[in-house]
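See below for the structure under consideration.
The values are calculated or read from the model by the stated rules, or taken from the named source; none is laboratory data. Values in this document were obtained by computation on a predicted structure and should not be read as measured data. Note: ideal-geometry Cβ built from the backbone for every residue, glycine included; neighbour counts use all protein chains shown. The protein model used for the area step is the full one, side chains on, heavy atoms only, and it has no ligands, DNA or RNA in it. Shrake-Rupley method; radii C 1.70, N 1.55, O 1.52, S 1.80 Å.
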Amino acid sequence: MCRTPTSRPLQRDNVAEADVVYRPIHGNEELTCMAPVENGPVDVEQLRERERLRRAERALARARGELPPLDAERRAGKTARILAPPAAPPVAVFSHARPSATAAIPARLVAVLQRLATDVGDSDVFGDLGSATDEPRLVDVVSCIELLPPLHGVEYLIELTHAGLPVLDTGTLTRAEGLTAGRADFDGVESTSAWALFTAWLAARGGEALPTWACLRLAGELPLNLLDDLVEADWLHPDDARTLVQKGTEALPADRAVYLTARIAPALLSDTDVADLGWDDETRRRRFTSGERLAPPSEGHDTWSILSSFRDGETSVLRSEPTAALRPGVADLVGRLRRCTSNCSVLSDLAADKGLWGLLEKLLPPGQVLSADSEFTAWAAVRRMYRILADAHVDALLAADGGAAAFGAASVQAMALRSESTRWWQQRADREARCVQAYLGYLDATSDNGERLRHAKTQLDQIRPKRRPRERPGRQRGAPPEYLARVSANVDLLDHLQHVGRPRDVLNPYLALGVPHDSDASDWRSAWRFLRQTVPTEWIEEINAAKDRIQRREDARRKNESAPELYAFPLEPFRWRAPSVVSPWFRPQAEPLRRRSGVSTGADVRRLAEDAAHEIIHEAAQRCAP
């Protein structure tokens with residue numbers, strides 16, 4: 001007698017044993033000894049075949065997700081048997097129909113296999129599927145799929161698995177579906193597979209952060225146009241790019257490592273690498289930042305020849321049109337400087353960059369009287385006032401009017417700088433203007449010597465800070481020491497001239513030679529030699545006397561002796577010198593190399609996906625191999 005797995009006895013009617021079929025009362029599927037035989041002996045082989053087919057159908061159902069996994073099914077069945085009430089014993093009933101010994105292939109699977117046979121060009125490769133009872137061998141099915149384009153073959157693997165043919169396991173099926181949908185997730189597990197490369201590319205394109213090993217694989221194995229797409233999409237943070245470049249130098253092929261470095265961190269390239277790339281723009285940028293003056297290329301001015309001219313204070317380049325493409329920022333700078341020239345004024349945003357002051361000063365109209373409306377214009381106006389004053393002394397020797405016009409221009413410029421404002425740059429420009437007015441007043445006075453000195457000293461007393469009670473001399477609050485020293489020295493000089501009765505002495509021999517106060521020896525000697533060959537004979541004695549006074553002053557300084565005092569200006573020379581700050585325009589950063597690959601197409605992406613598809617098909621072939 002057949003029994004259930006729990007060894008419960010079967011119930012039967014009062015009939016011959018060979019004429020009945022046993023079945024459980026509740027239709028329990030776990031019964032495996034059912035005898036579908038009527039009026040005949042039990043055929044054990046048929047029972048075994050039927051059981052085999054039943055188990056195969058349940059395995060397919062599990063693969064399609066229609067049934068839970070076998071372990072979970074057993075656990076669930078065990079729990080149900082423990083909790084369920086005792087089942088009634090099975091009852092034997094008569095069976096008048098004889099089941100078929102075999103089961104036909106599911107229609108859905110037949111349809112997929114027929115389409116596959118048609119696509120491979122051999123409709124009979126699987127035989128007559130309509131009447132067949134045995135499924136084709138898995139290895140034969142996968143062999144046919146290997147004849148198809150990879151992505152098309154993966155689609156067939158997915159369809160066959162869902163139709164009940166277990167050519168893919170659960171994990172591979174998930175990957176295959178993600179591949180065809182283009183939405184596979186990157187799992188972060190280090191791997192050399194094509195699937196890992198494809199998912200890393202998808203993740204990078206979506207802006208996800210990737211581990212270094214994945215970045216190195218993308219950098220070394222992606223087609224160049226797809227890699228350039230990632231670079232232009234800001235694939236990497238600058239810090240990550242630096243790390244990638246440092247590690248990629250060893251892990252990547254040399255040419256790919258150099259190209260990638262040029263694209264994401266060009267400052268890390270050596271000069272040799274730049275030359276090997278044939279990157280002329282970066283080569284000229286490096287020469288420019290090293291301080292070299294770059295001439296324009298043969299075809300005309302480029303970015304670096306223009307910036308070289310600007311750094312040297314040359315503005316003539318603004319009158320020519322560049323023939324080479326300029327960096328976007330440089331093109332905008334050229335346009336704004338041209339507007340300054342046409343409007344005879346300096347744009348405030350340009351004046352905010354002190355590194356450009358030397359250049360902007362050259363753009364100011366030469367005959368224009370400047371005011372101290374801004375920090376830049378105050379700086380430029382004071383410098384212009386002292387240049388006019390130096391030129392006036394030379395004109396006094398060479399011009400027909402004896403320099404009257406030049407001295408008048410210096411006086412007008414000094415008057416334009418007079419101000420009662422509380423702005424610090426206007427206050428300091430006002431002090432310099434009063435100092436110059438005192439000097440000019442002394443030179444131009446027509447009354448007796450005492451009157452000239454009193455007038456000049458009055459101007460200086462107005463800008464000499466008053467010492468507060470209990471404040472030591474030379475410690476006046478808010479006044480730089482050099483300023484205090486020069487104002488006091490100028491007043492002392494005028495007192496000395498008044499007492500010694502030498503009103504015709506030149507107050508400043510440097511200005512007498514047409515150079516700024518305290519100029520270098522090379523400058524004043526060149527000016528003296530020029531004037532000695534140019535001025536009329538009657539002035540030779542005066543310029544020689546100015547040269548001798550400067551020489552005695554420098555000799556005394558070398559010997560650490562007391563040097564003859566001169567009327568000194570500017571009062572705060574450090575404030576009116578050209579700023580030492582370097583403009584950002586003159587220390588440009590390296591810009592990434594422009595892409596040298598073509599625009600990516602769908603075919604490039606498809607090739608990347610096909611490599612992953614080949615891998616899935618290969619895994620299916622290994623899984624289904626006999």
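Heavy-atom accessible surface of region 310-436, averaged per residue, reaches 45 Å², computed with a 1.4 Å probe. Going 7 Å from the Cα of Thr341 in the Cα-to-Cβ direction, what parts of region 277-309 have a backbone nitrogen less than 20 Å from that spot? Residues 294-297, 299-309 qualify, since their backbone N sits under 20 Å from the label point.
On the basis of the beta-carbon distance and an R0 of 22 Å, Thr537 and Ala404 show a calculated FRET efficiency of 0.55.
Region 233-345 has equivalent-ellipsoid semi-axes of 35, 16, 11 Å, by the square roots of 5 times the alpha carbon gyration tensor eigenvalues, sorted largest first. The label-point distance for Arg108 and Arg557, in a model that sets each label 7 Å from Cα toward Cβ, rounds to 10.0 nm. Multiplying the residue separation of Leu53 and Lys362 by 0.36 nm and removing their Cα-Cα distance gives an extension gain of 101.4 nm. Once you sort the root eigenvalues of the Cα gyration tensor of region 146-189 as a ≥ b ≥ c, which label holds: rounded (a/c under 1.5), prolate (a/b larger than b/c) or oblate (the other case)? It is oblate, given that a/c is not under 1.5 and a/b is not larger than b/c. Expressed as a whole percent, the accessible surface of region 368-429 that belongs to carbon and sulfur atoms is 55, based on a 1.4 Å probe. Shown here: region 283-332, whose C-alpha atoms stretch 26, 23, 21 Å along the first, second and third principal axes, sorted largest to smallest.
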